[in-house]
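Take a look at the structure below.
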Amino acid sequence: MNLKLVIVLSAVSLSSAVQINRLNQSVVPLNYNIHLTFNSNFFETNVFEGRATIHINVSSPINKIEIHATDLNLTSCEIIHEANITCNFNHSTKILQINLSTNLTQNEHDLSINYTGNVNSHDLQGLYKSSYKSGNQTEYFVVTHLHPTHARRLFPCFDEPDLKATFDLTITYPKGYNVLSNTSPKKTSTVSNGTLDQIEFATTPKMSTYLLAFIISKLTCTNSLSGGISYNVCSRPGTESQRQYALLIAPKAVQHMEKITGIAYNSSNIVKLDLVAVPDLGVNAMENWGLVTFRETALLWDTYQPSNYRQRVASTVVHEIAHMWFGNLVTMKWWSDAFLNEGFARYFQYFATAEIEKNWELDKQFVVEQVHSALMADSENASVPLSSEVTTLEAIADKFNVITYNKGASVFRMVESIIGTTSFTLGLRDYLKENMFGSTIPNDLWNSLERHANLSYSLSQRVMNWTTQAGFPLLEVANNKTSIIITQKRFGGNYTTKWYVPVTYATSRSTNSLKWLTPDKDLVLNISLSNSTDWIIINSLQKGFYRVYYDDDLWKRIEVALGKNINAIETLNRAQIVDDLFSLAVAGKISFITLLNRLSFLKSETEYYPWYSAFRGFESILHKINDQEIKEKFTNHLLDLMITLHESVPMLTVDNKNQIYALKQSLALEWACNLGHSECLRNVKQMFEAYRISGIKVRPNLRFTTYCTTLKREADEKLDVWKFLRSKLSENNDASETEIILKALGCSKNENGLDKYFVALIFLRRYENFSDILLKQLV
Ligand SMILES: [Zn+2]
């Protein structure tokens, strides 16, 4: 029977943190057959029609089915060949309840639902509509972003990550557009007396609902074929030249991940990979299987754009491609363990890209960008464990944070360092093979790794305390004349939490293998620093996720070593020292005078990594100083400290082939100009004038510093620079240049201009992440 009804599955405000009721797993989906129709006027009406036929398996007799559906207008529902049913929406649980007059037998059935839905135009979630300018024309497009819990706004579904199924999608749409989805088209036709086109896509692999995706647009694509896979990089017409770099990186990333995992990309039966630059996307990128969506700045790059944007493209493309295995093929059972998806994607974003762009030192960049920021976030009292229960939609959305990504990746790197790269890789292969098209909890991973690790202890026991406890240990290291004593406590407060801590160290004489500091007792290293120039550094290359506090004697020895030959201590450990010192000062463990004294070795430091950590620390201090006189003294101290660094990256020496030099030069000059270094200011002024008067473009890597410094130094009453840069915003077709100018405009000291700027930014919602940067500039 086909019961006709209209129920509005209304959008009760989601802000009232409703507890999630998990679905009853005695009924699970096997396949969704979804047909969506977008009529000729849908860009005006914002309405689409849908029919979802869900092939379900009932494992024990039931008299009701519960399914997610949000903001959908239900017009009919039936279970094919079954007796009467009624469909009701439960407003408190936001679940569509299908009641049966008789029990549904233990068998497979087809549940069919007709409905209409709205294309979202107020946020960038679910199925949403946006637009871009093409000449004088406004072009509209619709695109999905169903992660993590928005599939229910597109079709009624079992919207939980472990309830995987295959999908057959058909889309009927107006002529003149093209449609991409997860899989290749199977059949295209013309319907409705020739007014609409229809496209039927091949069946997807068994996957989670949040991975379904499509886009209806007038974007165009550049194609290449490699290893039997068809790669498409798609974007606005006019940006074709910016597609080549992603087109080069993507096949290399797929090949590398295939090599690491031992599983071919197309073994999932998806034989193509579309990478689409969406002109309006709420996140950096989204790993929809076979149809990855990106912000334009995360996919498009050409040689006239800065080096850091190139790195952003490579690492985002690799991050999303790594998800094809870690996240799509094998998915965490529930969002509480989102780090199983995101930690691995972040890990490979660095360590797989390092195999493609070999001279970028991404293994080193990982430490200052990921480990240090994760430690900072995890120092907060409110920090939660990697594995922590999420029971509301808001908590699920909040789970995608620095802890999940950066700490997740840092813990995986630490585990790799404990068991060795070979065992780690073999363990990952098992993990993926055993759980293909399925879902996992952390123990599935630890067990797979343990099988290859050949250890005398339980790996899961030692690793679990890093994923089930918040925070991280501070190791206090003391010289006891004949030995070194290491104790632990949680960083940043009075906690009783303890960990199994893998301790590595280097001394003036040797480097040593791993020792364990256990929760129940201190670690004693039988090392005697007999000579006054002997030293010890704990946590080689900062592979362990913890901080270190040395007693005064040990610190003096480090200081002497750095003074004698700075390179005696590894660069990454120098960066670690810097980052730890700032954190210890903020936590009140050392005074700010001690901090500045201990950082005086930076005067002879010219490497990127210690300075990266130092600038981050100095930035946080500078913003806290309100007294102008103290600020000035501090600024002069910094300028003095960075003399050698500044001399190592002369503004006129360009070396774009050397990525680390390019990054270091941008960073050092940004700080030099920011602090008012006279030579830096003079050079920047010349470059800006050459741009304004003669149209000679500023070198890509110095654009932000040049624009920002010029705006900052401009007298209040003159708005020429501001107006000039604003005019450049509308002239260019390049998302990275737009982003650089928007960021730079925030450097202005002109309050009137800034007011207007803020208003404009509010409407430019895709740049909402700039608000943090802007606030910093204003302080
Ligand atoms: Zn990701």
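Any read-out appearing in this document is the output of simple, stated calculations on the displayed coordinates, not a laboratory observation. All of these numbers come straight from a predicted model, not from anything done at the bench. All Cβ positions, glycine included, derive from the backbone under ideal geometry; neighbour counts span all protein chains shown.
Work from the charge dipole of the chain (Cβ charges, +1 for Lys and Arg, -1 for Asp and Glu, about the Cα centre) and give the residue of P251, P306, M324 farthest towards its positive end. Farthest towards the positive end: P306. Note on the range 472-569: along the principal axes its Cα atoms extend 39, 24, 24 Å, ordered by decreasing extent. In terms of surrounding Cβ atoms within a 10 Å radius of their Cβ, W722, W466 rank from fewest to most as W722, W466.
Extents of the chain, taken as max minus min of Cα coordinates on every principal axis and listed largest first, are 89, 71, 49 Å. Relative contact order for the chain: 8 percent, from Cα pairs under 8 Å spaced at least 6 residues apart, divided by residue count.
Between N733 and A264, the contour length at 0.36 nm per residue exceeds the Cα-Cα span by 165.1 nm. Placing +1 on the Cβ of every Lys and Arg and -1 on the Cβ of every Asp and Glu, with no other charges, gives the range 472-569 a dipole of roughly 220 debye about its Cα centre. Each of L273, S241, M464 was scored by the projection of its Cα onto the charge dipole of the chain, and the greatest displacement toward the positive side belongs to S241; charges sit on the C-beta of Lys, Arg, Asp and Glu.
The Cβ shell under 15 Å around E647 holds other residues with a net charge of -2, Lys and Arg each +1, Asp and Glu each -1.
Left without a cysteine partner by the 4.7 Å Cβ rule in the chain: C157. Under a model in which nothing but the beta-carbon of Lys, Arg (+1) and Asp, Glu (-1) is charged, the chain shows a dipole of about 800 debye around its Cα centre. Sparsely packed loop sites in the range 188-268 (the GluC sites (Glu not before Pro) outside DSSP H, G, I, E and B with at most 16 other Cβ atoms within 10 Å) do not occur. Along the axis of the charge dipole computed for the chain (Cβ charges of +1 for Lys and Arg, -1 for Asp and Glu, origin at the Cα centre), the listed residues F155, A69, N232 are led at the positive end by N232.
Principal-axis analysis of the Cα atoms of the chain puts helix 751-763 at an angle of about 40° to the longest axis. If one takes the longest principal axis of the Cα atoms in the chain, at what angle in degrees, from 0 to 90 and to the nearest 10, does the Cα axis of helix 608-622 lie? With both axes taken from Cα atoms, the answer is about 90 degrees. Candidate cross-link partners of K358 among the aspartates and glutamates, defined by an alpha-carbon separation under 19 Å and a same-chain spacing of 8 or more, comprise E258, E369, E607, D655. Based on Cα contacts under 8 Å between residues 6+ apart, the range 319-394 shows a relative contact order of 33 percent.
Against the main long axis of the alpha-carbon atoms of the chain, helix 552-564 sits at an angle near 80°.
Loop only per DSSP, at most 15 neighbouring Cβ atoms within 10 Å: give me the chymotrypsin sites (Phe, Trp or Tyr not before Pro) in the range 424-456, ordered by residue number.
Here the chymotrypsin sites (Phe, Trp or Tyr not before Pro) that fit, given the DSSP loop and packing criteria, are F437.
Lys and Arg at +1, Asp and Glu at -1: add these up for the other residues within a Cβ distance under 13 Å of T440 and post the number. With Lys, Arg at +1 and Asp, Glu at -1, the net is -2. Antiparallel beta bridges, as assigned by DSSP with both residues in the range 219-325, represent about 45 percent of the total such bridges.
Diagonalise the Cα gyration tensor of the range 219-325 and give the resulting equivalent ellipsoid semi-axes, square root of 5 times each eigenvalue, largest first, whole Å.
In descending order the semi-axes read 21, 14, 13 Å.
Of K259/K407; K133/K218; K186/K433; K129/K187; K697/K728, which sit over 19 Å apart, Cα to Cα? In this structure, K259/K407; K186/K433; K129/K187 exceed 19 Å between Cα atoms.
What's the longest bit of the chain with no exposed trypsin sites (Lys or Arg not before Pro), using DSSP loop states and at most 14 other Cβ atoms within 10 Å as the test?
Formally, the longest exposed-site-free interval is 176-480.
Dividing the mean sequence gap of close Cα pairs (under 8 Å, 6+ apart) by how many residues the range 501-608 holds gives a relative contact order of 22 percent.
To the nearest 20 Debye, how big is the dipole of the range 1-218 about its Cα centre, given +1 on the beta carbon of each Lys and Arg and -1 on that of each Asp and Glu?
About 280 debye.
If you average 1/r over all unlike Cα pairs in the range 339-467 and invert the result, what Kirkwood radius do you get in angstrom? So the Kirkwood estimate lands at 15.5 Å. For the range 472-569, the number of Lys pairs with C-alpha atoms closer than 26 Å, counting only pairs eight or more positions apart or on separate chains, is 19. When DSSP beta bridges are restricted to pairs lying wholly in the chain, around 80% turn out antiparallel.
Summing +1 for each Lys or Arg and -1 for each Asp or Glu among the other residues whose beta-carbon sits under 11 angstrom from that of G617 gives -2.
Each distinct pair of alpha carbons in the range 1-218 adds a 1/r term; the inverse of their mean, the Kirkwood radius, is 18.0 Å. This ranking places V368, V654 by how few other beta-carbon atoms lie within 10 Å of each, fewest first, which gives V654, V368.
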